[in-house]
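J.: I have a structure I would like to understand better, so I am pasting it below and will then ask my questions one at a time.
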Amino acid sequence: MTNALTKLLQTRDWLMADGATGTNLFNMGLMSGDAPELWNLDETAKITALYQGAADAGSDIFLTNSFGANASRLKLHGAEGRVHELNQAAAELGREVADKAGHPIVVAGSVGPTGEIMAPMGTLTHERAVEMFHEQAEGLKSGGADVLWVETISAPEEFAAAAEAFALANMPWCGTMSFDTAGRTMMGLTSAEMVKKVGKLAHQPLAFGANCGVGASDLLRTVLGFVEAGPTLPIIAKGNAGIPKYHDGHIHYDGTPALMADYAVLARDCGATIIGGCCGTTPAHLRAMREALETRPRGAKPTLDQITEALGAFSSASDGTDGAGPTASPRRGRRRRS
């Protein structure tokens, strides 16, 4: 399948994705508890500014403001009947920014988790999950998204449901899971197990990887876990800008642009091809990341000690790929330039 992302991947050995959606929208006035997806129609100038900020900072890919635009999450705001129009609007605004950039930028239709727990642990059936993801995918497709991008998934069953839905929409896609529980997803999946799960999907992604989680150090250890498992697809690294801290009634992330520049280069050297930021990552971080990726030479694969020396300690001693449990003390390390 020929598409914009495949073309870019064929010409470059790394691509830069975007940063945070929520963090940047909160900085624009979004209030806690509000549905950011409603801004796709109510605050179009701010969503355009969100996309433009990533494009101007050097992102080759940016994600649409549609993370929670599925029927289950929108129901919390009485907007479950607006799935198609909100996703379409998210992609249309992104398409306008990308098409004016003067160079290729991939518009990736963001698809977050449903917010429900898959059966048998929960009540969400596979069929209903596919239906919700498909509805969202069709809206993003109609708005002009180049690819679909499912992110922050913790259950492999939900990841597989998204893949099936994207096949129904006849759309290329990428996917990331969040490894935030002692190096595993909330549902217990390790990085090595994700590689195996992805390899068995009938509708293969263009790239896969990890986003969000704990901090940049943990995410890079997950990337090393992917690489060790011998994947055949490009790897995505989209880590948080440091560690979240509560201050003056708001969550702030302590990672500076300098730290995220170090993270970006280390992610590339770990084996990631698509590199971006997640929570806390602003255009200022992205500009530093882009400059570092363009100017710093590729290096050898970093060791765990080199990662913690640059970015700070891991939150757990093991990421689960060695068979160890989550109870051991985390590896110590100091964070430089944070």
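J.: Condition test on residue 83, is it hydrophobic (A, V, I, L, M, F, W, C) and not in a strand (DSSP E or B)?
T.: Criteria met by residue 83.
J.: Let me ask something else about it. Return the pairs, sorted by first residue and then second, in which the second residue is assigned to a helix (DSSP H, G or I), the first residue lies in region 137-149 and is of a type in the set (S, T, N, Q), the beta carbons are less than 9 Å apart, and the residues are 6+ apart or on different chains.
T.: Every condition considered, the pairs that remain are 142/84; 142/87; 142/88; 142/91; 142/92.
J.: Residue 248 versus (1) under 30 Å from residue 29 (Cβ atoms); (2) in contact (Cβ under 8 Å) with a residue 12 or more places away in the chain: which is the lone unmet condition?
T.: (2)
J.: If you don't mind, another one. Take residue 242 and decide whether it is closer than 19 Å to residue 313 by Cα and either among the charged types (D, E, K, R) or not in a strand (DSSP E or B) (or both).
T.: yes
J.: Quick check: is even one residue across region 143-155 buried (at least 22 other Cβ atoms within 10 Å of the Cβ), within 17 Å of residue 274 (Cβ to Cβ), aliphatic (A, V, I, L, M) and out of contact with any Gly (no Cβ under 8 Å at 6 or more places or on another chain)?
T.: Looking through region 143-155, none of the residues is buried (at least 22 other Cβ atoms within 10 Å of the Cβ), within 17 Å of residue 274 (Cβ to Cβ), aliphatic (A, V, I, L, M) and out of contact with any Gly (no Cβ under 8 Å at 6 or more places or on another chain).
J.: For region 301-338, give me each residue that is surrounded by 17 or more Cβ atoms within 10 Å (Cβ to Cβ), modelled with pLDDT under 50 and either of a type in the set (Ser, Thr, Tyr) or in a strand (DSSP E or B) (or both).
T.: Correct list: 335, 338.
J.: OK, next. Right, residue 61: more than 26 Å from residue 292 (Cα to Cα) and either in contact with a Phe, Trp or Tyr (Cβ under 6 Å, 6 or more places away or on another chain) or among the β-branched types (Val, Ile, Thr) (or both) or not?
T.: When the stated conditions are applied, residue 61 does not pass them.
J.: A further question on this structure: Tally time: how many residues in region 8-28 are touching a strand residue (DSSP E or B) at 6+ places or on another chain (Cβ under 9 Å), at pLDDT 95 or above and not in a loop (DSSP other than H, G, I, E, B)?
T.: Going through region 8-28 one residue at a time, the tally reaches 4.
J.: Show the residue pairs that are 6+ apart or on different chains and have beta-carbon atoms under 8 Å apart, the first residue being within region 69-87 and among the charged types (D, E, K, R), the second being surrounded by fewer than 16 Cβ atoms within 10 Å (Cβ to Cβ) and not in a helix (DSSP H, G or I).
T.: 73/115
J.: Follow-up question, since we're still on this one. Take residue 50 and tell me if it is without any contact (Cβ under 8 Å) to a residue 60 or more places away in the chain, assigned to a loop (DSSP other than H, G, I, E, B) and farther than 25 Å from residue 295 by Cα.
T.: Considered against the rule, which asks whether it is without any contact (Cβ under 8 Å) to a residue 60 or more places away in the chain, assigned to a loop (DSSP other than H, G, I, E, B) and farther than 25 Å from residue 295 by Cα, residue 50 comes out as no.
J.: Could you say whether any residue in region 29-43 is modelled with pLDDT under 95, surrounded by fewer than 22 Cβ atoms within 10 Å (Cβ to Cβ) and in a helix (DSSP H, G or I)?
T.: no
J.: Given the conditions (1) of a type in the set (S, T, N, Q); (2) closer than 18 Å to residue 135 by Cα; (3) surrounded by 24 or more Cβ atoms within 10 Å (Cβ to Cβ); (4) touching an Asp or Glu at 6+ places or on another chain (Cβ under 8 Å), which single one is not true for residue 72?
T.: (3)
J.: Considering only residues that are within 13 Å of residue 169 (Cβ to Cβ) and touching a Gly at 6+ places or on another chain (Cβ under 6 Å), which ones fall in region 106-142?
T.: Selection gives 140 alone.
J.: Regarding residue 281, is this residue crowded, with 24+ Cβ neighbours inside 10 Å, of a type in the set (Val, Ile, Thr) and within 24 Å of residue 105 (Cβ to Cβ)?
T.: In short, yes.
J.: A further question follows. Residues that are out of contact with any Lys or Arg (no Cβ under 8 Å at 6 or more places or on another chain), modelled with pLDDT under 95, part of a loop (DSSP other than H, G, I, E, B) and closer than 23 Å to residue 52 by Cβ: does region 255-269 have at least one?
T.: Yes, there is a match, as at least one residue in region 255-269 is out of contact with any Lys or Arg (no Cβ under 8 Å at 6 or more places or on another chain), modelled with pLDDT under 95, part of a loop (DSSP other than H, G, I, E, B) and closer than 23 Å to residue 52 by Cβ.
J.: Can you confirm whether residue 168 is under 19 Å from residue 69 (Cα atoms), more than 15 Å from the chain's Cα centre (by Cα) and surrounded by fewer than 24 Cβ atoms within 10 Å (Cβ to Cβ)?
T.: yes
J.: Every residue in region 117-134 that is surrounded by 18 or more Cβ atoms within 10 Å (Cβ to Cβ), out of contact with any Phe, Trp or Tyr (no Cβ under 9 Å at 6 or more places or on another chain) and at pLDDT 95 or above, please.
T.: Passing the criteria: 124, 129, 130, 132.
The values are calculated or read from the model by the stated rules, or taken from the named source; none is laboratory data. In this text, all values refer to a predicted model and were calculated from it rather than measured experimentally. Backbone-built Cβ (ideal geometry, glycine too); neighbour counts: all protein chains shown.
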